[in-house]
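J.: Shown below is the structure under consideration.
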Amino acid sequence: MVKYVDTLVTFAEFPNEISLCINISGCPNHCPGCHSSYLAQDIGEVLNKESLFRLIEENKGISCVGLMGGDQAPNTINWLAKCIKEQYPELKVGWYSGKDKLPPEINLDYFDFYKLGPYNEERGPLTNPNTNQHFYSKGKHLHKISAYKDSFYDVTNWFWKNDTNTETAGISTES
């Protein structure tokens, strides 16, 4: 079981997407300097299929659902992503994990994006080119780079402001 504390519609967590980001509590990582340390507490409302679908329906116009946390229950995160894909196949799904490796319970067929890595104050967040965190995107829109359209690619550089390469900076060159 996972709980969520709040939600926010953003344009930054998943580049080129209007994302409903759901902040999940109970984080087991306790990263020093975490900007959302309150999410380590066991607080909030249960995030189940019904509450998830209600949140999606209340936020018309989104293109992505971001599950922000949930490292304590990767099976549940995987199941929630599957529910989204089955009920809302037009939506993309992303997950922010503070772990270094993707848990074996995660089936990437249900995800379009994922972020791995604990927050490290000295190396900064995804927007810092020195970050230890990595952001991955399913390669459907990167088909010019690879013939493997469903592979994931490290596209952390999408978050770096000075990257002028439109092929890798998160700016779509497709029409």
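The values are calculated or read from the model by the stated rules, or taken from the named source; none is laboratory data. This one's a predicted model, so the numbers in the text were calculated from it and none came from an experiment. In this analysis, Cβ positions are derived from the backbone assuming ideal geometry, glycine residues included, and neighbour counts consider all displayed protein chains.
J.: Looking at S97, S137 in this structure, which one is closer than 15 Å to C64 by Cα and touching a Pro at 6+ places or on another chain (Cβ under 9 Å)?
T.: Going through S97, S137 in turn, just one is closer than 15 Å to C64 by Cα and touching a Pro at 6+ places or on another chain (Cβ under 9 Å): S137.
J.: I've got another one for you. Specify which of the listed residues (G44, G98) is small (G, A, S) and touching a Ser or Thr at 6+ places or on another chain (Cβ under 8 Å).
T.: G44
J.: Suppose we filter region 22-51 for residues that are touching a strand residue (DSSP E or B) at 6+ places or on another chain (Cβ under 8 Å) and within 13 Å of A81 (Cα to Cα); how many remain?
T.: Total meeting the criteria: 2.
J.: Can you give me the number of residues within region 52-65 that are within 17 Å of the chain's Cα centre (by Cα) and either hydrophobic (A, V, I, L, M, F, W, C) or more than 18 Å from C83 (Cα to Cα) (or both)?
T.: Count: 6.
J.: Still on this model: Could you run through region 13-35 and say how many residues are in contact (Cβ under 8 Å) with a residue 60 or more places away in the chain and either closer than 15 Å to S51 by Cβ or in a loop (DSSP other than H, G, I, E, B) (or both)? Full working, then the answer.
T.: Our first condition is that a residue be in contact (Cβ under 8 Å) with a residue 60 or more places away in the chain; within region 13-35, this holds for 13-17, 19, 27, 29, 31-35.
Those still in the list that are either closer than 15 Å to S51 by Cβ or in a loop (DSSP other than H, G, I, E, B) (or both) too: 13-17, 27, 29, 31-35.
The total comes to 12.
J.: Suppose we keep only residues that are part of a loop (DSSP other than H, G, I, E, B) and in contact with a strand residue (DSSP E or B) (Cβ under 8 Å, 6 or more places away or on another chain) within region 55-87. Which one would you say is farthest from D112 (Cα to Cα)?
T.: Checked region 55-87; the qualifying residue farthest from D112 (Cα to Cα) is N59.
J.: May I ask you to verify whether L52 is part of a helix (DSSP H, G or I), surrounded by 20 or more Cβ atoms within 10 Å (Cβ to Cβ) and out of contact with any Gly (no Cβ under 6 Å at 6 or more places or on another chain)?
T.: yes
J.: If you take the residues in region 23-41 that are within 16 Å of the chain's Cα centre (by Cα) and either at pLDDT below 95 or within 18 Å of L126 (Cα to Cα) (or both), which one is surrounded by the most Cβ atoms within 10 Å (Cβ to Cβ)?
T.: N23
J.: Condition test on Q72, is it closer than 23 Å to K99 by Cα, out of contact with any His (no Cβ under 6 Å at 6 or more places or on another chain), touching a residue at least 40 places away in the same chain (Cβ under 8 Å) and among the polar types (S, T, N, Q)?
T.: When the stated conditions are applied, Q72 passes them.
J.: From the residues in region 111-167 that are basic (K, R) and at pLDDT below 95, which one is surrounded by the most Cβ atoms within 10 Å (Cβ to Cβ)?
T.: So the residue we want is K138.
J.: Next question. Restricting attention to region 88-114, which residues are closer than 19 Å to L39 by Cα, assigned to a strand (DSSP E or B) and touching an Asp or Glu at 6+ places or on another chain (Cβ under 9 Å)?
T.: Listed by number, the residues that qualify are G94, Y96.
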